[in-house]
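S.K.: Dumping the structure here so I can ask a few things about it.
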Amino acid sequence: APILTLDRVSKTYRSGGWLGRSKRVTHAVREVSLELLRGSTLGIVGESGSGKSTLARCIVRLLDPDDGHIHFTAPDHSPLDLATLSRRQLRAHSRHVQMVFQDPYASLNPRRRVGEQVAQGPIVHGTPRAQALARARELFELVGLDPDATRRYPHEFSGGQRQRIGLARALALEPQVLVADEPVSALDVSVQGQVLDLLARLRQQLGLSLLFITHDLRVAAQICDRIAVMKDGAVVEAGSAAQIFTSP
Ligand code: ADP
Ligand code: ADP
């Protein structure tokens with residue numbers, strides 16, 4: 001059963017239009033329909049500018065689509081249309097669907113211990129501080145980091161380790177869906193495999209559903225069950241990794 005369903009989702013950016021210039025209109029996402037099956041990994045693959053990040057931001061509600069519908073289905077619940085969520089439902093959704101970014105360094109505070117940053121989400125959602133910090137240590141172990149490293153600062157970690165911290169921070173909110181936007185693209189190829197293996201293990205262990213965004217078809221083929229190929233904002237092809245790879 002699908003945990004996320006996208007039905008003809010569209011998003012247009014309008015920019016400029018000042019000093020008599022005409023507005024520039026970018027159809028970043030055009031009528032995209034997709035299903036993410038529970039417990040599976042769906043790859044969104046496309047060149048830079050094909051609309052992958054815009055789509056991801058609509059799913060985590062950083063952006064509102066102009067058209068179409070996105071439904072999220074929690075276990076034992078009926079589908080919720082993201083456009084019509086109450087504030088309480090929206091707060092719940094923000095936990096259920098977490099995002100990891102290409103460069104977690106950009107979103108980590110350089111002056112705060114990484115463990116505190118992993119604990120921050122749960123603390124904001126009402127978890128007692130001591131409990132959230134203890135959980136951060138467990139999450140570090142889960143993603144293959146030394147629990148004592150929670151006391152360190154972001155600059156003390158390598159790129160691969162920082163991606164693990166970004167994962168720990170996303171997992172702290174116990175999401176059901178992880179949206180990973182180019183999570184290994186900034187890493188050396190030798191480290192990419194380790195982070196992909198970690199993602200695959202976490203998905204299995206935690207029963208996550210994974211939306212994996214990448215420009216790299218080879219990376220997608222390593223981790224995805226199904227792949228949707230985007231071009232100029234639209235899905236132009238969808239199928240199993242094997243099907244996508246052997247298509248002309
Ligand atoms: P990516 O291709 O990985 O999404 P980009 O380097 O294209 O990254 O974009 C980086 C940031 O700039 C993003 O926040 C994106 O929304 C924004 N951006 C991209 N293209 C434009 C544009 N034409 N006008 C304004 N902002 C843009
Ligand atoms: P991708 O993630 O595949 O690189 P994006 O979703 O970042 O694609 O971009 C899709 C299109 O939308 C591109 O043409 C990009 O320049 C444009 N775009 C992205 N963000 C913005 C923005 N904030 N303002 C205007 N245009 C944008």
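S.K.: Being more than 15 Å from residue 183 (Cβ to Cβ), within 13 Å of ligand 1 (Cβ to nearest atom) and crowded, with 18+ Cβ neighbours inside 10 Å is the filter here; which residues of the stretch 33-66 pass it?
M.R.: Those that are more than 15 Å from residue 183 (Cβ to Cβ), within 13 Å of ligand 1 (Cβ to nearest atom) and crowded, with 18+ Cβ neighbours inside 10 Å: 46, 50, 51, 54, 55, 57, 58.
S.K.: Right, something else. If the requirement is being touching a residue at least 60 places away in the same chain (Cβ under 8 Å), out of contact with any helix residue (DSSP H, G or I) (no Cβ under 6 Å at 6 or more places or on another chain) and either within 10 Å of ligand 2 (Cβ to nearest atom) or under 25 Å from residue 167 (Cα atoms) (or both), which of these qualifies: 34, 62?
M.R.: Going through 34, 62 in turn, just one is touching a residue at least 60 places away in the same chain (Cβ under 8 Å), out of contact with any helix residue (DSSP H, G or I) (no Cβ under 6 Å at 6 or more places or on another chain) and either within 10 Å of ligand 2 (Cβ to nearest atom) or under 25 Å from residue 167 (Cα atoms) (or both): 34.
S.K.: Restricting the search to the stretch 74-94, which residues are within 25 Å of residue 214 (Cβ to Cβ) and of a type outside the set (Gly, Ala, Ser)? Show your work before the answer.
M.R.: Let us first name the residues in the stretch 74-94 that are within 25 Å of residue 214 (Cβ to Cβ), namely 82, 93-94.
Answer for the stretch 74-94, where residues must be within 25 Å of residue 214 (Cβ to Cβ) and of a type outside the set (Gly, Ala, Ser): 82, 93.
S.K.: Here's a follow-up. Name the single residue that is farthest from ligand 1 (Cβ to nearest atom) among those in the stretch 213-248 being farther than 24 Å from residue 193 by Cβ and hydrophobic (A, V, I, L, M, F, W, C).
M.R.: This residue is 238.
S.K.: Please count how many residues of the stretch 136-162 are closer than 22 Å to residue 174 by Cα, touching a residue at least 12 places away in the same chain (Cβ under 8 Å) and assigned to a loop (DSSP other than H, G, I, E, B).
M.R.: Here the count works out to 3.
S.K.: So, one more: Mind checking which residues of the stretch 1-26 are more than 30 Å from residue 94 (Cα to Cα) and either in contact with a strand residue (DSSP E or B) (Cβ under 7 Å, 6 or more places away or on another chain) or among the polar types (S, T, N, Q) (or both)?
M.R.: 16, 17, 22, 23, 24
S.K.: Quick check on my filter: what residues within the stretch 102-116 are assigned to a helix (DSSP H, G or I) and among the acidic types (Asp, Glu)?
M.R.: Within the stretch 102-116, 116 is the sole residue that qualifies.
S.K.: Something else about it: Would you list the strands (runs of 3 or more DSSP E) that sit entirely within the stretch 185-243 and hold 1 or more residues that are open to solvent by 30 Å² or more (accessible area, probe 1.4 Å) and not β-branched (Val, Ile, Thr)?
M.R.: Working: elements: 209-214, 226-231, 234-240.
Where strands (runs of 3 or more DSSP E) fall fully within the stretch 185-243 and carry at least 1 residues being open to solvent by 30 Å² or more (accessible area, probe 1.4 Å) and not β-branched (Val, Ile, Thr), they are 226-231, 234-240.
To keep it simple, each residue is scored yes or no on (1) on the phi < 0 side of the Ramachandran plot; (2) modelled with pLDDT of 95 or more.
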position: 3; (1), (2): yes, yes
position: 28; (1), (2): yes, yes
position: 32; (1), (2): yes, yes
position: 42; (1), (2): yes, yes
position: 64; (1), (2): yes, no
position: 68; (1), (2): no, yes
position: 74; (1), (2): yes, no
position: 82; (1), (2): yes, no
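The values are calculated or read from the model by the stated rules, or taken from the named source; none is laboratory data. If you're wondering where the values come from, they're calculated on a predicted model, not measured in any experiment. Here Cβ is always computed from backbone atoms with ideal geometry, including for glycine, and neighbour counts include all displayed protein chains. Surface accessibility is based on the protein's heavy atoms, side chains included, excluding ligands, DNA and RNA. Shrake-Rupley method; radii C 1.70, N 1.55, O 1.52, S 1.80 Å.
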